[in-house]
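Structure record follows, encoded as structure tokens.
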Amino acid sequence: MLKILIIDDDIITRKGIQSLMPWDKHDMQIVGEASNGKKALEFLCSNEVDLALVDLDMPIMNGITFISKARSLYPNLNYVVLTVHTEFEYIQKVLRLGAIDYIVKTHFDQEDFDSILERIKASISKKNSSIQKSSNPKWKESKILYSNIYALVTVGMEPETDESIFQFWELNELVDFQDIYEIIPGVWVFTDNRHEFVFPENFSNIMLLRISDVNDLTYTQLGKLLRNYKNDQFFYDYQPVRTRKCQERHINSPNPSILRGIVCFSSSFFSLFTA
């Protein structure tokens with residue numbers, strides 16, 4: 001369960017965020033609140049927090065100062081900025097601070113709270129995946145130890161796509177799975193013994209591949225093959241998932257077989273797309 005700290009000098013905003021958003025539904029818990037950055041740092045000294053919702057304009061210690069201090073003290077802490085600004089340049093500045101997302105307080109009554117929390121969880125999951133890869137920088141050169149592997153291929157990483165990917169991990173209980181790698185931008189690979197997956201209702205521009213005979217490849221080699229496939233063949237094979245449950249059918253021929261959103265083929269099929 002993700003532990004949340006709300007940091008805002010406006011008590012009405014703090015209580016509103018706490019009561020209006022469906023935290024329990026998304027496996028999140030409010031563990032504390034603070035009226036400025038100084039009090040937030042004091043809270044962090046003795047409490048475990050995964051995500052801080054931070055207002056930037058506060059007395060005593062503003063949000064920018066808080067984030068700059070907290071980043072060095074708590075490198076695993078995530079930040080979502082609470083702001084009244086909607087200008088593109090301002091939002092870019094906020095994201096450069098290290099925030100994973102932002103919430104415009106003046107639009108709060110118009111927001112889809114479920115979408116906000118799904119988006120935040122997706123961003124945290126993506127960040128954690130990057131941290132895992134950086135802790136083992138040579139993972140791409142290692143040999144794949146499995147004969148079969150799944151690849152989740154996306155095109156056009158819009159926020160909605162990011163959210164759909166996280167929903168896929170969550171529906172199939174893969175959120176905390178350690179062996180998920182973004183092998184190239186927009187393509188995640190993972191291993192799993194099951195032959196059936198549950199898909200989100202909105203799963204556009206995304207396709208799940210099951211690739212066999214990969215145990216003689218390194219992740220780098222597989223990444224090159226997937227990049228060529230994504231660039232040259234993805235849209236020819238792609239079919240939208242129209243049902244929430246899909247069962248994969250294994251085939252031995254080198255040609256892909258599509259069954260409601262899952263494509264299955266041997267790694268030798270990729271040789272058609274090598275430069």
Open item on the list: For the list (1) assigned to a loop (DSSP other than H, G, I, E, B); (2) at pLDDT 90 or above; (3) under 15 Å from Tyr102 (Cα atoms), I need the number of the one condition that Val49 fails.
Closed with: (3)
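Would region 58-66 turn up any residue that is under 16 Å from the mean Cα position of the chain (by Cα), modelled with pLDDT of 75 or more, outside the structural domain of Phe166 (by TED's automatic domain parsing) and in a helix (DSSP H, G or I)?
No, the conditions are met nowhere in region 58-66.
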Open item on the list: Out of the residues in region 1-50 meeting the condition of being aliphatic (A, V, I, L, M) and farther than 23 Å from Ala122 by Cβ, tell me which one is surrounded by the fewest Cβ atoms within 10 Å (Cβ to Cβ).
Closed with: Ile12
Task: region 82-137, subset part of a strand (DSSP E or B) and of a type in the set (A, V, I, L, M, F, W, C), residue modelled with the highest pLDDT - done: Leu82
- [ ] With the condition kept exactly as written, say whether any residue in region 33-48 is of a type in the set (A, V, I, L, M, F, W, C) and touching a residue at least 60 places away in the same chain (Cβ under 8 Å).
- [x] no
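The values are calculated or read from the model by the stated rules, or taken from the named source; none is laboratory data. What you see is a predicted model, and the numbers here were worked out from it, not measured in a lab. Don't worry about glycine lacking a Cβ; one is built from the backbone with ideal geometry, like all the others, and counts go over all protein chains shown.
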